Amino acid sequence: MTQDLTLERNMEEQKNMARILYIVHALALVFSLGMLSAIPLIVNYIKRGEAQGTFVYSHHSWMIRSFWWFVFWMVVAIFFAVALGWVFGIGLFIAWVVGGLAWIWKAYRLLKGFFDLEKNQAMPA
């Protein structure tokens, strides 16, 4: 009986940490366009090892992948803004579209992850 309670408490602590990280990632996305997401990213890398063997591990990996793909697409958007920005503004338009879609995509992933965490579901690999 005590072992079950300890395991449940540990799992709940891991879920709470993942919840907090989802919220901090979302706040960073809204208030800094994702630039401050490096802070919860570091915590994701640290806490992911503690969640090994649980479904929470997949949530840490989900947040980490979301961050790096978002960075990739924002670099692509910046490239278009800088490289093609002088051509009648077409580069700026493409940069806004790519950056906006990347923002929406990351917001979707954070919401999906948060709601799946609440349902005790693992994220796809």
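The values are calculated or read from the model by the stated rules, or taken from the named source; none is laboratory data. This is a predicted model, so every value here is computed, not measured. Backbone-built Cβ (ideal geometry, glycine too); neighbour counts: all protein chains shown. Protein only, heavy atoms only, side chains kept; ligands, DNA and RNA dropped before computing areas. Shrake-Rupley method; radii C 1.70, N 1.55, O 1.52, S 1.80 Å.
Taking Cα atoms, how many degrees apart are the long axis of helix 38-48 and the longest axis of the chain, rounded to 10 and kept between 0 and 90?
30 degrees
Please state the relative contact order of segment 1-112 as a whole percent: Cα pairs under 8 Å, 6+ residues apart?
Worked out over segment 1-112, it gives 22 percent.
Residues of the chain: accessible area per residue at 1.4 Å, in Å²?
I get 63 Å² per residue for this part.
For Lys119, Lys106, what's the largest-to-smallest order of accessible area, 1.4 Å probe?
Details: Lys119 125, Lys106 0 Å².
Order by accessible area, largest first: Lys119, Lys106.
Ala38 to Asn16: extension gain in nm, 0.36 nm per residue of separation minus the Cα-Cα distance?
Additional length available on full extension: 6.0 nm.
Just from its helices, what would the mean residue ellipticity at 222 nm be for the chain, if runs of 4 or more DSSP H residues each count -39500 (n - 2.57) and the sum is divided by every residue, rounded to the nearest 500 deg cm²/dmol?
Dividing the helical sum by the residues of the chain leaves -28500 deg cm²/dmol.
With all protein chains present, how much of the accessible area of segment 1-95 (probe radius 1.4 Å) comes from carbon and sulfur, to the nearest whole percent?
76 percent
With all protein chains present and a 1.4 Å probe, how do Ile94, Ile46 order by accessible area, largest first?
Descending accessible area places them as Ile46, Ile94.
As I understand it, the dipole of the chain uses +1 on the Cβ of Lys and Arg and -1 on the Cβ of Asp and Glu, about the Cα centre. Which of Ala83, Ala28, Ile46 lies farthest toward its positive end?
Ala83
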